[in-house]
Amino acid sequence: MRPIVCQGHTRPLTRVRYNRDGDLMFSAGKDAKFNVWSSATGELIGSYDGHTGVVWDIDVDANTTRTMSGSADSSARLWDARSGKCLYTWTTASPVRSVAFTPEADLALIVTDKKMGQPCTAIIVEIKDNVADIPEAPLNIFLPEPELTPATIARWGPEHTIYMGHENGTVSCWDAMSGERIASKKIHSGVVTDLQFSEDGTYFITSSKDMSAKILDLKLHVIKNFQTERPVNSACICPVKEHVILGGGQDASQVTTTTAKVGKFESRFYHKILQQEFGRVRGHFGPINTVAVHPDGTSFTSGGEEGLIRLHHFDPDYFRFKLDPRDP
Amino acid sequence: MTTGDSAPQLPLPSVHANKNGTYTHTLYKLDDQGRKVQVKRILRIGRDMEASKRAIEERKKWAKFGAAKHHGPGPDTETTRVDTELPLRLSTNPQQLDAMEPAAEEASRKLKDTAIKCRYCGGPHWSKECPSKDIIQSLQEATGLGGPGGDDAPSGAPGLGAGPSGSGRYVPPSLRDGTGAPRSGYGNGRRMDDTYAVRIAILPEDTTDADLIELARPFGHVVRSYLAKYDDGTCKGFAFVNFATMDMAERAIAKLHGYGYANLILTCEHSKPREPKPM
């Protein structure tokens, strides 16, 4: 396999994701840049310029007409996907950690960090086709309780519920319209670093600095556990094969005397049902901060602390590999 | 706002996968009078693959913007390069995955000690074996600029199109600036053993190198393209394109064989890579 290296960031990557059709890959980094690439060739298609601080989270709507980004410059922005023009800016009281469109892209979620004397806040805003129609006031604002510790990641669940991961390892579920907490549970023993839903939205995977990733159902029951010996920064669920991909790593523990030209940090493949690791691919020169898989399961992308994005198109071996003879 | 405990006020929403492929979303709300109400929605979750394909085709027409505004078609060497062959190590035994590493480390340690540095991309290999040499060379031919892509301290790389600033290297007349567009697309005269070649034929005679790359690009990374031409530049009717993976080549063949292009029906099949004849 010959990974394609995309060099579009001068500082660590914070998020990579594919659009729903899979032809585009979006990346955000601590250099305040938000880029879009062709997922087939790795060429840079454009950038959404305007943020002045770390871009922590990004999203693209289901039709790839608009994108959204949240930044440490205390703003969330709505962009025209095709031209890169900034259509709308929401100014918040503290850095934005998470942004997400609903599947219909009629609403968006903005979650801010506990900083500058401000509490961690979840803001629900409306999106309109004509940005002039976007109301100034958000639809709803609610504060996750302080004892849950600030939310590090938030994503839409089914029916306008929101699932969040928190700094102390808790995972919580909220009703977006009423702001009521539906449930919360201490899942991890360390910071929750990522939360990604399955394709059908019936379960999701969480990753944590506690060196594990777990699959939870909508009622926050832990269904699967993937154990590693390094902090996990991101995890995704493959849409076709029964696999999950984990990315992470810790700088200090992986330094050796041989400074290899091939990066030592690896993306790791686990069998989703059997919970066993079966594959690794190295290449990153720093811990992997974010992973995403193509909606057809034909490629995956990882973004690293060293500022590089590696786009991998799977070889036939990957599709033929069976961990268990009974695998399809 | 609830306080304290994590026991649910209302049952959590649930999603049930139905036998016919739909999903039933069940959620609970409190109505105006504070009564618990159950709401069910039945959804079919999936992607309209036809609409998806059309949308992808449309997006291929997007003009580059922002940081990519001045990039030409295809990957720009400053931002994109193909890395060396790196396996996705697969094993039914996790302990083996750990053990597979030392061999790769040995190899890279040897490279480090001899301090081999590629003139094009700065990687730890001989310049003539640079995996990105083709892309970088063709861009140098096209733009007349020198220097390896993406490297802080270029070690005096040649500009094959020798611009007026001059790099001090001799450039044969046939390769100098002003001989027109590159004779072929990426990658001339290099071993292509680990790429996957397809032969496209029944091309119209006004096909250009750029047309060929445009035709092939959607299927993946084009490592090399060669359009057979007569001396006056008219296309001979066939071309070779090398892709980075078999998968990309298969996709190209599946789509292009029998594809209607400028009133002709193309053929597209696997081929052994050939060295282009000197013009």
Along Cα→Cβ, 7 Å out, is where each label goes; now give me the distance between the ones at A:THR65 and A:GLU126 in nm to one decimal. 1.7 nm
Provide a whole-number value for the mean count of partner chain Cβ atoms within 10 Å of the Cβ atoms in peptide B:69-78. 3
Assign unit charges at the C-beta atoms only (+1 for Lys and Arg, -1 for Asp and Glu), then state the dipole size of chain A relative to its Cα centre in Debye, rounded to the nearest 20. 1020 debye
Please give the charge dipole size of segment A:167-277, origin at the Cα centre, charges +1 on K and R Cβ atoms and -1 on D and E Cβ atoms. Round to the nearest 20 debye. 240 debye
Can you sort A:ARG268, A:ARG230, A:ARG320, A:ARG282 by how many other beta carbons sit within 10 Å, fewest first? A:ARG320, A:ARG230, A:ARG282, A:ARG268
Here the whole-number average of other chain Cβ atoms within 10 Å per Cβ of A:182-192 is 2
What is the sum of charges, Lys and Arg at +1 and Asp and Glu at -1, for the other residues whose Cβ falls under 12 Å from the Cβ of A:VAL192? +3
Placing each pseudo-label 7 Å from Cα in the direction of the beta carbon, A:THR102 and A:ILE273 end up separated by a distance in nanometres of 3.5 nm
So between A:ASP296 and A:LYS115, what do we pick up on full extension, going 0.36 nm a residue minus the alpha carbon distance? 61.3 nm
Helix-derived [θ] at 222 nm for chain A: sum -39500 (n - 2.57) over DSSP H runs of at least 4, divide by residue count, nearest 500? -500 deg cm²/dmol
Considering the dipole of chain A built from charges on the beta carbon (Lys and Arg +1, Asp and Glu -1) around the Cα centre, which of A:VAL54, A:MET177, A:ILE245 is farthest to its positive end? A:ILE245
Most exposed first by the Cβ proxy, i.e. fewest other Cβ within 10 Å, how do B:SER271, A:SER267 rank? B:SER271, A:SER267
Taking each residue in B:216-222, count the Cβ atoms of any other chain within 10 Å of its Cβ, then average. What number comes out? 4
Can you put B:HIS270, A:HIS9 in order, fewest other beta carbons within 10 Å first? B:HIS270, A:HIS9
Could you give the dipole magnitude of segment B:197-270 about its Cα centre, charging the beta-carbon of Lys and Arg +1 and that of Asp and Glu -1, in debye to the nearest 20? 240 debye
Set the Förster radius R0 to 51 Å, insert the Cβ-Cβ distance between B:LYS236 and B:THR26 as r into 1/(1 + (r/R0)^6), and round the FRET efficiency to 0.05. 0.20
Per residue Cα convex hull volume for segment B:197-270, in cubic angstrom? 69 Å³
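Read-outs throughout are calculated quantities, based only on the coordinates presented, and are distinct from any laboratory measurement. As the structure is a prediction and not an experimental result, all values here were calculated from the model. Glycine gets a Cβ as well: all are built from the backbone with ideal geometry, and neighbour counts include every protein chain shown.
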